[in-house]
Amino acid sequence: MRNTIALPAPLAQFPWRVVIPLAMLVLFGAMVLYSAAGGSLSPYASSHLVRFAVTLVMALIMSYVPIEWARMGAIPAYLATLVLLMAVEAVGALGGGSQRWLNIGPLVLQPSEFMKPGIVLILAAFFHALPVGMIRTWRALLVPLGIMLFPMALVLLQPDLGTALAIGFGGVVVMFLAGIPQKWFIGAGVAGMVAIPLAVMFVLKDYQRQRVLTFLDPESDPLGTGYHITQSKIAIGSGGIFGKGFGNGSQSQLDYLPEPHTDFVFATMAEEWGLIGGLFVLLIFGIVLRWGLSVARDAKDRFSRLLAGGLTATIFFYVAINLLMVMGFAPVVGIPLPFMSHGGSSMLTNMLCIGGLMMVERHNRRMGSSNGFS
């Protein structure tokens, strides 16, 4: 008879599957930020590690919140974030040409960040309450669209196209997972193809329109609007398979690469760590996203499944758009790379998503135990 060692319950239930890969990714990101700062922990690497530690504690606390509380709090949280978004338009602080922040005493808040997981939460609660027989009716389409488009419009006024797209992506994924008829998505896709050229010409700000044109032909202005993406591709390509070595990235160290610690941190990493470093980053993101999908798959109720699926999609959007952007396959929209880029807003948003997934995972485990499963 074998002797088995049973871990204490707190250790056994700790979400090691996601905390360990996240810690590895954040530590690797801190190394890249250390190099981007010229071999110094400040100002990037040290604050990056502190933010992860603080938001990890926040996520672990969230995991103990009963799923019913999250569902009941969906509407108040959504309305509170809407009020904050409207307050940004009225009294928000300007920074970098945009009006996105609220100064509340010593705190500086970017309310649009809360709306990314918030839109997933409110739509998951809506479809949970919607009778299954009504999923193919217009109510199942028009009400979620209204819930989603209003905050997107407020965010576009700031202007912040990247965040508006992230809100829309999370909302659309929840609608798709809820079972909205596919013909409506096909129709929306066709309408979007027609509307995109009109939006580029008449809706986007001049700098946003220029980003799209630069994406289509970055070499047309390599020292102007195409400078960011040109230098990013040079940095990534020059890294080769094994990279130039830790602290030896010429593009980032000599300030050729703009924003080497935020939006283009992957290019900074790829120059010094090469293809091997890039594959490591992709592997860790794959592990985290696979964990999120498994939490959604194992969910015991509709709300939990939609919430977990939408939060996983939000993290995926960050990762996919940033990587496509730095490699020249998408316009520059100012979306940082989760858990690697230096930035409190990005870390907070993504750890809110992780905390929500931990909450669903704990709920799944509790429901499985109550049904007689180990």
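The values are calculated or read from the model by the stated rules, or taken from the named source; none is laboratory data. Keep in mind it's a predicted model, so treat the numbers as computed, not measured. Every residue, glycine as well, gets a Cβ built from its backbone with ideal geometry; the counts of neighbours run over all protein chains shown. When the accessible area is computed, the model is the full protein with side chains, heavy atoms only, and any ligands, DNA or RNA have been set aside. Shrake-Rupley method; radii C 1.70, N 1.55, O 1.52, S 1.80 Å.
Scanning region 232-251 for residues being aliphatic (A, V, I, L, M) and over 29 Å from Pro331 (Cβ atoms) gives a total of 0.
Would a scan of region 155-168 turn up a residue that is over 21 Å from Val332 (Cβ atoms) and not in a loop (DSSP other than H, G, I, E, B)? No, region 155-168 contains no residue that is over 21 Å from Val332 (Cβ atoms) and not in a loop (DSSP other than H, G, I, E, B). Would you be able to say whether some residue in region 178-195 is out of contact with any helix residue (DSSP H, G or I) (no Cβ under 6 Å at 6 or more places or on another chain), modelled with pLDDT under 85 and not in a helix (DSSP H, G or I)? Within region 178-195, none of the residues are out of contact with any helix residue (DSSP H, G or I) (no Cβ under 6 Å at 6 or more places or on another chain), modelled with pLDDT under 85 and not in a helix (DSSP H, G or I).
Taking the stated definitions as given, is Phe317 in a helix (DSSP H, G or I) and among the aromatic types (Phe, Trp, Tyr)? So Phe317 fits the description; yes.
The residue of region 247-269 that is surrounded by the fewest Cβ atoms within 10 Å (Cβ to Cβ), among those that are over 17 Å from Ser346 (Cβ atoms) and either in contact (Cβ under 8 Å) with a residue 40 or more places away in the chain or of a type in the set (Lys, Arg) (or both), is Gly247.
Checking each residue in region 118-129 for being in contact (Cβ under 8 Å) with a residue 12 or more places away in the chain and either open to solvent by 20 Å² or more (accessible area, probe 1.4 Å) or not in a helix (DSSP H, G or I) (or both) picks out Leu121, Phe126, His128.
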